[in-house]
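Peer 1: Questions regarding the structure given below will be posed in turn.
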Amino acid sequence: MNTTKKTREPLFHLVKRTDVKPWLPWVVRGVTIVVAFLFIGILTFASLEISPFEVYARIFKGAFGDSYRVMTLLRDVAILLLFALAVTPAFKMKFWNIGAEGQVLMGAFACMFCIFYLGGKVNDTLLIFISLAAALLVGSVWAVIPALFKAKWNTNETLFTLMMNYVAIQIILYAIKIWAPGGTGTLSPSPYGNLPTIAGENFWFSIIVAIVMTAVMFIYLRFTKHGYEINVVGESENTARYIGINVKKVIIRTLIFSGLICGLTGFMLVAGIDHTVSSTTAEGRGFTAILVSWLAKFNPAGMIFTSLLVVFLSRGMDEVMTMNGISNNFFSKVVIGIMFLMIIGCEFFINYKIVFRHRAKSEVVPPAPVEGAEKTCGEDTSDGEIPQATTAKEE
(Lines give C-alpha, C1' and ligand atoms only; values in the text may rest on other atoms or scores of the structure.)
Protein backbone atom coordinates (compact mmCIF):
# COMPACT_ATOMS: atom_id res chain seq x y z
CA MET A 1 0.00 0.00 0.00
CA ASN A 2 1.43 3.34 -1.06
CA THR A 3 1.43 5.67 1.93
CA THR A 4 3.30 8.53 0.22
CA LYS A 5 1.38 11.80 0.54
CA LYS A 6 1.34 14.09 -2.44
CA THR A 7 2.52 17.59 -1.55
CA ARG A 8 0.24 20.23 -2.97
CA GLU A 9 1.88 23.30 -4.43
CA PRO A 10 0.60 26.57 -2.85
CA LEU A 11 -1.50 28.92 -4.95
CA PHE A 12 1.19 31.59 -4.82
CA HIS A 13 4.46 32.37 -3.13
CA LEU A 14 6.57 35.47 -2.51
CA VAL A 15 9.83 36.09 -4.33
CA LYS A 16 12.40 38.72 -3.38
CA ARG A 17 12.95 41.23 -6.18
CA THR A 18 16.58 41.41 -7.21
CA ASP A 19 16.46 43.41 -10.43
CA VAL A 20 14.75 46.62 -9.26
CA LYS A 21 16.13 49.74 -10.91
CA PRO A 22 17.19 52.48 -8.46
CA TRP A 23 14.64 55.02 -9.73
CA LEU A 24 11.66 52.65 -9.80
CA PRO A 25 10.90 52.56 -6.03
CA TRP A 26 10.62 56.34 -5.91
CA VAL A 27 8.23 56.34 -8.86
CA VAL A 28 6.11 53.70 -7.13
CA ARG A 29 6.08 55.69 -3.89
CA GLY A 30 5.09 58.87 -5.73
CA VAL A 31 2.25 57.14 -7.54
CA THR A 32 1.10 55.58 -4.25
CA ILE A 33 0.96 58.98 -2.55
CA VAL A 34 -1.10 60.40 -5.44
CA VAL A 35 -3.50 57.43 -5.29
CA ALA A 36 -3.72 57.82 -1.50
CA PHE A 37 -4.71 61.48 -1.85
CA LEU A 38 -7.36 60.52 -4.40
CA PHE A 39 -8.70 57.91 -1.99
CA ILE A 40 -8.73 60.50 0.84
CA GLY A 41 -10.81 62.81 -1.33
CA ILE A 42 -13.31 60.08 -2.11
CA LEU A 43 -13.51 58.93 1.52
CA THR A 44 -14.03 62.47 2.82
CA PHE A 45 -16.71 63.09 0.20
CA ALA A 46 -18.52 59.92 1.20
CA SER A 47 -18.32 60.72 4.94
CA LEU A 48 -18.68 64.52 5.08
CA GLU A 49 -20.22 65.22 1.67
CA ILE A 50 -17.46 67.65 0.75
CA SER A 51 -16.19 67.88 -2.80
CA PRO A 52 -12.77 66.22 -3.16
CA PHE A 53 -11.41 69.38 -4.78
CA GLU A 54 -12.58 71.41 -1.79
CA VAL A 55 -10.92 68.88 0.52
CA TYR A 56 -7.60 69.30 -1.27
CA ALA A 57 -7.95 73.08 -1.18
CA ARG A 58 -8.62 73.03 2.56
CA ILE A 59 -5.72 70.66 3.22
CA PHE A 60 -3.40 73.00 1.35
CA LYS A 61 -4.84 76.01 3.15
CA GLY A 62 -4.40 74.38 6.55
CA ALA A 63 -0.69 73.89 5.87
CA PHE A 64 0.25 76.85 3.64
CA GLY A 65 -2.67 79.29 4.07
CA ASP A 66 -0.51 82.19 5.30
CA SER A 67 3.01 82.93 6.50
CA TYR A 68 2.21 82.05 10.11
CA ARG A 69 0.87 78.62 9.12
CA VAL A 70 3.92 78.02 6.95
CA MET A 71 6.29 78.81 9.81
CA THR A 72 4.25 76.71 12.22
CA LEU A 73 4.37 73.86 9.72
CA LEU A 74 8.15 74.12 9.42
CA ARG A 75 8.54 74.25 13.21
CA ASP A 76 6.41 71.12 13.65
CA VAL A 77 8.37 69.39 10.89
CA ALA A 78 11.61 70.30 12.69
CA ILE A 79 10.41 68.85 16.02
CA LEU A 80 9.14 65.65 14.40
CA LEU A 81 12.42 65.38 12.49
CA LEU A 82 14.36 65.58 15.78
CA PHE A 83 12.24 62.75 17.17
CA ALA A 84 12.96 60.68 14.05
CA LEU A 85 16.69 61.38 14.20
CA ALA A 86 16.72 60.23 17.83
CA VAL A 87 15.27 56.79 17.08
CA THR A 88 17.20 56.20 13.85
CA PRO A 89 20.59 54.95 15.19
CA ALA A 90 18.93 52.41 17.48
CA PHE A 91 16.56 51.15 14.79
CA LYS A 92 19.39 50.92 12.27
CA MET A 93 21.12 48.71 14.82
CA LYS A 94 17.86 46.70 15.22
CA PHE A 95 17.48 47.87 18.80
CA TRP A 96 13.74 48.51 18.85
CA ASN A 97 13.67 51.68 20.93
CA ILE A 98 10.06 52.86 21.13
CA GLY A 99 10.79 54.95 24.21
CA ALA A 100 11.59 58.25 22.49
CA GLU A 101 8.35 59.62 23.88
CA GLY A 102 9.47 59.07 27.47
CA GLN A 103 13.05 60.12 26.80
CA VAL A 104 11.91 63.46 25.37
CA LEU A 105 9.48 63.93 28.27
CA MET A 106 12.26 63.35 30.78
CA GLY A 107 14.48 65.83 28.96
CA ALA A 108 11.64 68.36 29.09
CA PHE A 109 11.07 67.59 32.77
CA ALA A 110 14.74 68.17 33.60
CA CYS A 111 14.69 71.47 31.72
CA MET A 112 11.54 72.63 33.52
CA PHE A 113 12.94 71.47 36.86
CA CYS A 114 15.93 73.81 36.47
CA ILE A 115 13.75 76.68 35.26
CA PHE A 116 11.28 76.29 38.13
CA TYR A 117 13.86 76.21 40.91
CA LEU A 118 16.53 78.52 39.44
CA GLY A 119 14.39 80.96 37.46
CA GLY A 120 14.96 84.50 38.69
CA LYS A 121 17.83 83.38 40.93
CA VAL A 122 20.56 83.08 38.29
CA ASN A 123 21.32 84.90 35.07
CA ASP A 124 18.88 83.92 32.33
CA THR A 125 21.64 83.03 29.85
CA LEU A 126 23.32 80.83 32.45
CA LEU A 127 19.93 79.24 33.22
CA ILE A 128 19.51 78.29 29.56
CA PHE A 129 22.83 76.44 29.55
CA ILE A 130 22.10 74.77 32.88
CA SER A 131 18.68 73.55 31.72
CA LEU A 132 20.17 72.36 28.42
CA ALA A 133 22.85 70.35 30.23
CA ALA A 134 20.25 68.85 32.56
CA ALA A 135 17.98 67.90 29.65
CA LEU A 136 20.84 66.22 27.77
CA LEU A 137 21.95 64.34 30.89
CA VAL A 138 18.53 63.08 31.94
CA GLY A 139 17.51 62.20 28.37
CA SER A 140 20.64 60.12 27.84
CA VAL A 141 20.29 58.40 31.24
CA TRP A 142 16.67 57.51 30.53
CA ALA A 143 17.72 56.01 27.19
CA VAL A 144 20.75 54.10 28.44
CA ILE A 145 18.88 52.25 31.21
CA PRO A 146 17.18 49.79 28.80
CA ALA A 147 20.46 49.56 26.84
CA LEU A 148 22.31 48.40 29.96
CA PHE A 149 19.67 45.78 30.69
CA LYS A 150 19.79 44.63 27.06
CA ALA A 151 23.57 44.39 27.02
CA LYS A 152 23.81 42.68 30.42
CA TRP A 153 20.76 40.40 30.56
CA ASN A 154 19.39 40.50 26.98
CA THR A 155 16.03 41.88 28.10
CA ASN A 156 13.29 42.76 25.62
CA GLU A 157 14.01 46.37 24.72
CA THR A 158 10.59 46.93 23.13
CA LEU A 159 8.66 46.26 26.32
CA PHE A 160 11.29 47.92 28.49
CA THR A 161 11.29 51.22 26.58
CA LEU A 162 7.49 51.17 26.27
CA MET A 163 7.02 50.81 30.02
CA MET A 164 9.50 53.62 30.68
CA ASN A 165 7.26 55.94 28.65
CA TYR A 166 4.50 55.48 31.22
CA VAL A 167 6.93 55.96 34.10
CA ALA A 168 8.04 59.28 32.58
CA ILE A 169 4.42 60.42 32.23
CA GLN A 170 3.71 59.66 35.89
CA ILE A 171 6.84 61.49 37.03
CA ILE A 172 5.72 64.61 35.18
CA LEU A 173 2.17 64.38 36.55
CA TYR A 174 3.54 64.07 40.06
CA ALA A 175 5.88 67.05 39.56
CA ILE A 176 3.04 69.22 38.22
CA LYS A 177 0.97 68.49 41.35
CA ILE A 178 3.88 69.79 43.44
CA TRP A 179 4.62 72.80 41.23
CA ALA A 180 0.97 73.74 40.69
CA PRO A 181 -0.80 72.69 43.90
CA GLY A 182 -4.04 74.45 42.94
CA GLY A 183 -5.36 71.27 41.35
CA THR A 184 -5.58 72.59 37.79
CA GLY A 185 -3.16 69.93 36.54
CA THR A 186 -1.40 72.43 34.29
CA LEU A 187 1.75 74.47 34.81
CA SER A 188 1.75 78.07 33.65
CA PRO A 189 4.41 79.11 31.10
CA SER A 190 7.57 80.37 32.75
CA PRO A 191 9.12 83.74 31.86
CA TYR A 192 12.59 82.44 32.76
CA GLY A 193 15.08 80.36 30.81
CA ASN A 194 13.42 80.87 27.44
CA LEU A 195 15.42 80.89 24.24
CA PRO A 196 15.57 84.31 22.55
CA THR A 197 13.34 84.85 19.56
CA ILE A 198 14.67 85.46 16.06
CA ALA A 199 12.83 88.14 14.07
CA GLY A 200 10.28 88.20 16.88
CA GLU A 201 9.30 84.55 16.41
CA ASN A 202 10.13 81.33 18.26
CA PHE A 203 10.14 79.17 15.10
CA TRP A 204 13.71 79.62 13.97
CA PHE A 205 15.68 77.96 16.76
CA SER A 206 13.86 74.64 16.25
CA ILE A 207 14.35 74.78 12.48
CA ILE A 208 18.05 75.63 12.73
CA VAL A 209 18.71 72.91 15.33
CA ALA A 210 16.86 70.32 13.22
CA ILE A 211 18.89 71.19 10.11
CA VAL A 212 22.19 70.99 12.01
CA MET A 213 21.29 67.68 13.67
CA THR A 214 20.18 66.20 10.35
CA ALA A 215 23.58 66.99 8.85
CA VAL A 216 25.36 65.63 11.94
CA MET A 217 23.35 62.39 11.87
CA PHE A 218 23.95 61.93 8.13
CA ILE A 219 27.71 62.28 8.58
CA TYR A 220 27.71 60.14 11.74
CA LEU A 221 25.92 57.20 10.13
CA ARG A 222 27.57 57.41 6.72
CA PHE A 223 31.18 58.42 7.30
CA THR A 224 32.25 57.54 10.84
CA LYS A 225 33.54 54.37 12.44
CA HIS A 226 30.66 54.41 14.93
CA GLY A 227 28.17 54.54 12.08
CA TYR A 228 29.88 51.60 10.42
CA GLU A 229 29.73 49.59 13.65
CA ILE A 230 26.02 50.37 14.05
CA ASN A 231 25.39 49.10 10.53
CA VAL A 232 27.38 45.89 11.10
CA VAL A 233 25.65 45.14 14.41
CA GLY A 234 22.30 45.69 12.71
CA GLU A 235 23.19 43.24 9.96
CA SER A 236 24.50 40.49 12.23
CA GLU A 237 25.71 40.56 15.82
CA ASN A 238 27.72 37.37 15.22
CA THR A 239 29.52 38.97 12.31
CA ALA A 240 30.22 42.05 14.42
CA ARG A 241 31.75 39.91 17.16
CA TYR A 242 33.77 37.95 14.62
CA ILE A 243 35.45 41.07 13.27
CA GLY A 244 36.18 42.37 16.76
CA ILE A 245 33.32 44.80 17.43
CA ASN A 246 32.21 45.03 21.06
CA VAL A 247 28.43 44.68 20.57
CA LYS A 248 27.51 45.63 24.14
CA LYS A 249 29.61 48.76 23.93
CA VAL A 250 27.99 49.74 20.63
CA ILE A 251 24.48 49.26 22.05
CA ILE A 252 25.18 51.40 25.11
CA ARG A 253 26.99 54.12 23.15
CA THR A 254 24.25 54.31 20.51
CA LEU A 255 21.47 54.67 23.08
CA ILE A 256 23.39 57.41 24.86
CA PHE A 257 23.58 59.27 21.56
CA SER A 258 19.86 58.76 20.93
CA GLY A 259 19.08 59.93 24.45
CA LEU A 260 21.12 63.10 23.93
CA ILE A 261 19.00 63.98 20.89
CA CYS A 262 15.82 63.23 22.85
CA GLY A 263 17.03 65.47 25.67
CA LEU A 264 17.79 68.22 23.16
CA THR A 265 14.29 67.83 21.71
CA GLY A 266 12.73 68.11 25.17
CA PHE A 267 14.78 71.24 25.82
CA MET A 268 13.58 72.79 22.55
CA LEU A 269 9.95 72.05 23.42
CA VAL A 270 10.19 73.69 26.86
CA ALA A 271 12.68 76.52 26.40
CA GLY A 272 11.91 77.30 22.78
CA ILE A 273 8.21 76.63 22.17
CA ASP A 274 5.88 75.80 25.08
CA HIS A 275 7.79 77.35 28.03
CA THR A 276 6.10 74.76 30.23
CA VAL A 277 5.76 71.01 30.51
CA SER A 278 2.87 68.55 30.66
CA SER A 279 2.25 64.86 30.15
CA THR A 280 1.25 65.63 26.54
CA THR A 281 4.31 67.69 25.65
CA ALA A 282 5.54 65.01 23.22
CA GLU A 283 2.03 64.63 21.68
CA GLY A 284 2.67 61.07 20.51
CA ARG A 285 5.43 62.14 18.13
CA GLY A 286 7.77 59.53 19.57
CA PHE A 287 5.68 56.83 17.90
CA THR A 288 5.05 58.78 14.69
CA ALA A 289 8.81 59.28 14.40
CA ILE A 290 9.28 55.53 14.00
CA LEU A 291 7.13 55.61 10.88
CA VAL A 292 8.96 58.71 9.60
CA SER A 293 12.35 57.05 10.06
CA TRP A 294 11.30 53.73 8.57
CA LEU A 295 9.68 55.25 5.46
CA ALA A 296 12.92 57.16 4.81
CA LYS A 297 14.91 53.92 5.09
CA PHE A 298 16.79 55.43 8.04
CA ASN A 299 18.24 58.10 5.77
CA PRO A 300 18.36 61.45 7.65
CA ALA A 301 17.98 63.44 4.42
CA GLY A 302 14.92 61.42 3.41
CA MET A 303 13.35 62.03 6.82
CA ILE A 304 12.94 65.70 5.93
CA PHE A 305 10.42 64.76 3.23
CA THR A 306 8.62 62.09 5.24
CA SER A 307 8.31 64.46 8.22
CA LEU A 308 6.94 67.14 5.91
CA LEU A 309 4.38 64.72 4.48
CA VAL A 310 3.17 63.68 7.94
CA VAL A 311 2.83 67.22 9.29
CA PHE A 312 1.31 68.56 6.05
CA LEU A 313 -1.40 65.91 6.03
CA SER A 314 -2.05 66.22 9.76
CA ARG A 315 -2.46 70.00 9.75
CA GLY A 316 -4.42 69.89 6.51
CA MET A 317 -6.95 67.36 7.80
CA ASP A 318 -7.31 69.33 11.04
CA GLU A 319 -8.28 72.31 8.91
CA VAL A 320 -10.87 70.21 7.08
CA MET A 321 -12.36 69.11 10.41
CA THR A 322 -12.38 72.65 11.81
CA MET A 323 -14.10 74.18 8.79
CA ASN A 324 -16.83 71.56 9.08
CA GLY A 325 -17.40 72.22 12.76
CA ILE A 326 -15.98 68.88 13.89
CA SER A 327 -14.00 69.29 17.09
CA ASN A 328 -12.98 65.62 17.32
CA ASN A 329 -9.96 64.85 15.15
CA PHE A 330 -10.69 61.12 15.12
CA PHE A 331 -11.62 61.11 11.44
CA SER A 332 -8.45 62.95 10.44
CA LYS A 333 -6.35 60.35 12.28
CA VAL A 334 -8.19 57.57 10.45
CA VAL A 335 -7.51 59.23 7.11
CA ILE A 336 -3.82 59.72 7.94
CA GLY A 337 -3.58 56.10 9.05
CA ILE A 338 -5.08 54.90 5.75
CA MET A 339 -2.57 56.91 3.76
CA PHE A 340 0.40 55.46 5.59
CA LEU A 341 -0.97 51.95 5.38
CA MET A 342 -1.04 52.39 1.61
CA ILE A 343 2.54 53.69 1.62
CA ILE A 344 3.69 50.76 3.75
CA GLY A 345 1.88 48.39 1.40
CA CYS A 346 3.70 49.82 -1.60
CA GLU A 347 7.01 49.20 0.18
CA PHE A 348 6.09 45.52 0.37
CA PHE A 349 5.47 45.26 -3.37
CA ILE A 350 8.66 47.16 -4.11
CA ASN A 351 10.69 44.48 -2.31
CA TYR A 352 8.65 41.37 -3.19
CA LYS A 353 6.58 40.03 -6.04
CA ILE A 354 3.78 37.46 -5.98
CA VAL A 355 4.28 34.42 -8.22
CA PHE A 356 1.11 32.38 -8.83
CA ARG A 357 1.00 28.65 -9.42
CA HIS A 358 0.93 27.72 -13.12
CA ARG A 359 -2.31 26.02 -14.07
CA ALA A 360 -1.00 24.42 -17.25
CA LYS A 361 1.27 21.42 -17.14
CA SER A 362 4.86 22.36 -17.57
CA GLU A 363 6.82 20.53 -20.23
CA VAL A 364 8.92 17.65 -18.98
CA VAL A 365 12.53 18.33 -19.79
CA PRO A 366 14.71 15.19 -19.90
CA PRO A 367 17.68 15.32 -17.59
CA ALA A 368 21.03 16.10 -19.12
CA PRO A 369 23.25 13.05 -19.72
CA VAL A 370 25.79 12.44 -17.01
CA GLU A 371 29.35 11.91 -18.11
CA GLY A 372 30.45 8.32 -17.57
CA ALA A 373 26.92 6.92 -17.31
CA GLU A 374 26.15 3.48 -18.75
CA LYS A 375 24.93 3.35 -22.35
CA THR A 376 21.40 2.15 -22.77
CA CYS A 377 20.00 -0.52 -25.04
CA GLY A 378 19.61 0.52 -28.66
CA GLU A 379 22.36 3.17 -28.66
CA ASP A 380 24.77 3.23 -31.55
CA THR A 381 28.36 2.92 -30.36
CA SER A 382 31.31 4.24 -32.23
CA ASP A 383 33.70 1.40 -31.25
CA GLY A 384 31.40 -1.45 -32.30
CA GLU A 385 30.94 -2.84 -28.79
CA ILE A 386 27.61 -4.30 -27.73
CA PRO A 387 25.76 -1.96 -25.31
CA GLN A 388 26.23 -3.09 -21.74
CA ALA A 389 22.47 -3.21 -21.13
CA THR A 390 22.05 -6.10 -23.70
CA THR A 391 24.94 -8.31 -22.65
CA ALA A 392 24.77 -11.19 -20.32
CA LYS A 393 26.34 -11.04 -16.96
CA GLU A 394 30.07 -11.57 -17.39
CA GLU A 395 30.64 -13.45 -14.21
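The values are calculated or read from the model by the stated rules, or taken from the named source; none is laboratory data. All values derive from a computational prediction rather than experimental measurement. FYI the Cβ positions are ideal-geometry reconstructions off the backbone, even for glycines, and counts take in every protein chain you see.
Peer 1: Any idea which residue in the range 291-331 is surrounded by the most Cβ atoms within 10 Å (Cβ to Cβ), counting only those that are farther than 14 Å from Ile33 by Cβ and β-branched (Val, Ile, Thr)?
Peer 2: The qualifying residue surrounded by the most Cβ atoms within 10 Å (Cβ to Cβ) is Val292.
Peer 1: Looking at (1) exposed (fewer than 14 other Cβ atoms within 10 Å of the Cβ); (2) over 21 Å from the mean Cα position of the chain (by Cα); (3) part of a helix (DSSP H, G or I), find the lone condition where Trp26 falls short.
Peer 2: (2)
Peer 1: For the subset of the range 64-76 comprising residues that are in contact with a helix residue (DSSP H, G or I) (Cβ under 9 Å, 6 or more places away or on another chain) and surrounded by fewer than 22 Cβ atoms within 10 Å (Cβ to Cβ), which member is modelled with the lowest pLDDT?
Peer 2: Gly65
Peer 1: In the range 47-72, what count of residues is obtained for those that are without any contact (Cβ under 8 Å) to a residue 24 or more places away in the chain and in a helix (DSSP H, G or I)?
Peer 2: Residues in the range 47-72 being without any contact (Cβ under 8 Å) to a residue 24 or more places away in the chain and in a helix (DSSP H, G or I): 9 in total.
Peer 1: Another question about this same structure. Taking the options Ser314, Ser279, Ser293, name whichever one is of a type in the set (Gly, Ala, Ser) and not assigned by TED's automatic domain parsing to the domain that holds Ile98.
Peer 2: None of the other options fit; the residue is Ser314.
Peer 1: Would you be able to tell me the number of residues in the range 82-108 that are surrounded by fewer than 24 Cβ atoms within 10 Å (Cβ to Cβ) and of a type in the set (D, E, K, R)?
Peer 2: 2
Peer 1: So the check is Cβ under 9 Å with 6+ separation or different chains; which pairs have a first residue in the range 76-87 that's not assigned by TED's automatic domain parsing to the domain that holds Gly227 and a second one that's of a type in the set (S, T, N, Q)?
Peer 2: none
Peer 1: Checking the structure you have, find out if any residue of the range 189-198 is loosely packed, with under 13 Cβ neighbours inside 10 Å, modelled with pLDDT under 95 and among the hydroxyl-bearing types (Ser, Thr, Tyr).
Peer 2: Yes, the conditions are met somewhere in the range 189-198.
Peer 1: Let me ask you something else. Residues being basic (Lys, Arg) and touching a residue at least 24 places away in the same chain (Cβ under 8 Å): count how many of those fall in the range 89-142.
Peer 2: 2
Peer 1: Determine whether Ala133 is surrounded by fewer than 21 Cβ atoms within 10 Å (Cβ to Cβ), modelled with pLDDT of 95 or more and farther than 29 Å from Arg315 by Cα.
Peer 2: Judged against the criteria, Ala133 is a match.
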